[in-house]
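Working notes, beginning with the structure itself.
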Amino acid sequence: MPMSSDAKIKSLKAKNLVSVVNEYAKKRQASHRYASFDYCYNYFHPSNTPDLTKEMEKSCLALGFYLASWGMFRGSSFLLERSVKSFVPVIDYVSSLETEIWGNRRL
């Protein structure tokens with residue numbers, strides 16, 4: 001029996017996903033920009049930094065560097081006009097989250 005078009009699409013998406021994940025895994029090195037997510041995630045994980053607001057400047061810089069590594073400070077971005085001080089409300093919000101939101105996952 002031939003595959004339905006929905007089944008073909010799901011199969012292609014699954015193959016594409018595997019391909020994308022494999023490509024990511026090949027590039028996953030400590031110095032590659034893909035690692036910037038891991039550094040950011042691990043910094044903000046409550047088991048590593050229980051009080052993000054205690055070192056607000058460092059927390060803002062960690063978030064800012066992550067955003068910069070993905071081009072969020074390019075010329076067309078409103079972030080280009082801001083200092084890291086503008087991340088204080090984000091850090092306050094993240095630090096107010098219940099730790100359960102992180103689950104047990106660490107990178």
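Values quoted throughout were computed directly from the atomic coordinates according to the rules given, and no laboratory measurement underlies them. It should be emphasised that the depicted structure is a prediction, and the values quoted were computed from it without experimental measurement. Virtual Cβ from ideal backbone geometry, glycine too; neighbours counted across all protein chains shown.
Ranked for footprinting exposure by Cβ neighbours inside 10 Å, fewest first, ILE101, ILE91 give ILE101, ILE91.
Per residue, the chain reaches -17000 deg cm²/dmol at 222 nm when only DSSP H runs of four or more residues are counted, each adding -39500 (n - 2.57). Sequence-distant contacts, meaning Cα pairs under 8 Å at least 6 residues apart, place the relative contact order of the chain at 27 percent. By the rule of a C-alpha distance below 16 Å, with chain neighbours fewer than 8 residues away ignored, the aspartates and glutamates paired with LYS26 are ASP38.
Which of these values of P(r) over Cα pairs in 5 Å bins from 0, in percent was calculated from the structure shown: [x] 2, 9, 11, 12, 9, 8, 9, 10, 8, 6, 5, 3, 2, 2, 2, 1, 1, 0, 0; [y] 2, 9, 10, 12, 11, 8, 7, 5, 5, 5, 4, 4, 4, 4, 3, 3, 2, 1, 1, 0; [z] 2, 11, 15, 15, 15, 13, 11, 7, 5, 3, 2, 1, 0? Calculated P(r) over Cα pairs in 5 Å bins from 0, in percent: the matching label is [z].
Per-residue 3J(HN,Hα) values for the stretch 71-87, derived from phi via the Karplus relation 6.51 cos²θ - 1.76 cosθ + 1.60 with θ = phi - 60°, read x, 6, 10, 5, x, 8, 8, 5, 5, 4, 8, 10, 9, 5, 4, 5, 8 Hz in sequence order (x marks Gly and Pro).
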